[in-house]
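Peer 1: What follows is a structure written as structure tokens; I'll ask about it next.
What follows is calculated from the coordinates using simple rules that are stated; it is not laboratory data. Quick caveat, the model's predicted, so the values are computed rather than measured. In this analysis, Cβ positions are derived from the backbone assuming ideal geometry, glycine residues included, and neighbour counts consider all displayed protein chains.
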Amino acid sequence: MDTYADDLSELFEALDLKGATMIGHSTGGGEVARYIGRHGTSRVARVVLMGSVTPLMLKTKANPGGLPLKAFDDIRSGVTADRSQFFRDLTTPFYGANRKGHKVTQGMRDAFWFQGMQGGLKNELDSIKAFSETDFTEDLKKFDVPTLIIHGDDDQIVPIAASAMLSSKLVKNATLKIYPGGPHGLADTHKDQLNADLLAFLKA
């Protein structure tokens with residue numbers, strides 16, 4: 001996560017970005033949090049954490065609501081054994097295709113699979129460790145810009161109780177917006193609502 005954040009900082013510096021709105025989904029939410037934790041908000045105007053892994057996904061004594069290590073070991077095993085099938089199967093809980101009345105298309109599933117297959121195996125295994133075991137608690141406490149936290153209450157990948165509900169308490173004056181029945185893949189399943197919320201936040 002430190003590497004992700006420092007790479008992002010180099011990009012911000014090279015482009016001389018100012019007044020940026022950072023939107024981080026899932027692992028990207030962790031990257032945004034660690035960026036602010038390490039580099040501050042001098043170039044950032046506002047932040048959106050969407051389905052974010054913050055503050056910590058792994059179950060520990062200090063984080064009893066997290067997921068057990070076995071859950072992430074199972075992900076690693078699946079990626080290692082048959083990465084292609086793993087990503088195909090993951091589309092079901094990712095988009096909530098196992099829920100009654102879902103409108104998940106094969107196109108959504110295929111696009112997700114295609115993106116997953118473009119990643120390197122080692123990179124993906126390293127990422128699993130990074131997004132599951134990194135504690136972003138202290139990073140979130142350093143947020144000092146308007147922050148919108150968006151999460152589906154039926155997220156089967158990053159359960160809302162151990163993520164958004166806690167993050168919204170750690171970030172000063174954060175706004176929490178919960179999507180009823182929303183899965184992890186909100187950018188596809190709830191894109192119209194999401195775009196409207198993002199635009200309203202940008203204009204506020």
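Peer 1: Spelling out what I want: for every residue of segment 10-26, take phi, set θ = phi - 60°, compute 6.51 cos²θ - 1.76 cosθ + 1.60 (Karplus), and round to whole Hz; glycine and proline get x.
Peer 2: 4, 5, 4, 5, 4, 8, 6, 6, 9, x, 6, 9, 9, 10, x, 9, 6
Peer 1: Also, quick follow-up: Could you tell me which of rounded, prolate or oblate describes segment 84-204, using a ≥ b ≥ c as the square roots of the eigenvalues of the alpha-carbon gyration tensor, with rounded for a/c under 1.5 and, failing that, prolate when a/b is larger than b/c and oblate otherwise? Present the calculation step by step, with values, prior to reporting the outcome.
Peer 2: Working: a/c = 1.94, a/b = 1.29, b/c = 1.50.
Oblate shape, in that a/c is at least 1.5 and b/c is the bigger or equal ratio.
Peer 1: Long-range amide H contacts for Ile150: which residues qualify at under 5 Å (H placed 1.01 Å from N, peptide plane, sequence gap of 5 or more or a different chain)?
Peer 2: Answer set, sorted by chain and number: Leu49, Met50, Gly51, Lys177.
Peer 1: Compactness ratio of the chain: Cα Rg over 2.2 N^0.38 Å, N = residue count? Intermediate results must be reported in sequence, preceding the final value.
Peer 2: Working: Rg = 16.6 Å, N = 204, 2.2 N^0.38 = 16.6 Å.
Taking the Cα Rg and dividing by 2.2 N^0.38 Å, one obtains 1.00.
Peer 1: Would you be so kind as to identify which of Ser168, Gly120, Gln106 lies farthest towards the positive end of the dipole of segment 55-204, taking Lys and Arg as +1 and Asp and Glu as -1 on Cβ and the Cα centre as origin?
Peer 2: Checked the options; the winner is Ser168.
Peer 1: About the Cα centre of the chain, what is the dipole size in debye to 20, counting +1 per Lys and Arg Cβ and -1 per Asp and Glu Cβ, all else neutral?
Peer 2: Working: 24 positive and 25 negative charges, 112 e Å.
The dipole magnitude comes to about 540 debye.
Peer 1: Let me ask something else. Counting only helical runs of four or more DSSP H residues, what would the 222 nm mean residue ellipticity of the chain come to if each run contributes -39,500 (n - 2.57) and the total is spread over all its residues? Please list the in-between numbers first.
Peer 2: On the way: 10 runs with 107 residues, N = 204.
It lands at -15500 deg cm²/dmol.
Peer 1: Pop out the ³J(HN,Hα) list for segment 110-122 in order, Karplus 6.51 cos²θ - 1.76 cosθ + 1.60 with θ = phi - 60°, rounded to Hz; leave Gly and Pro as x.
Peer 2: 5, 5, 4, 4, 4, 5, x, 6, 7, x, x, 4, 4
Peer 1: Follow-up question, since we're still on this one. What per residue convex hull volume, in Å³, do the alpha-carbon atoms of segment 68-117 yield?
Peer 2: Details: hull volume 3.6 nm³, N = 50.
Dividing the Cα hull volume of segment 68-117 by its residues yields 72 Å³.
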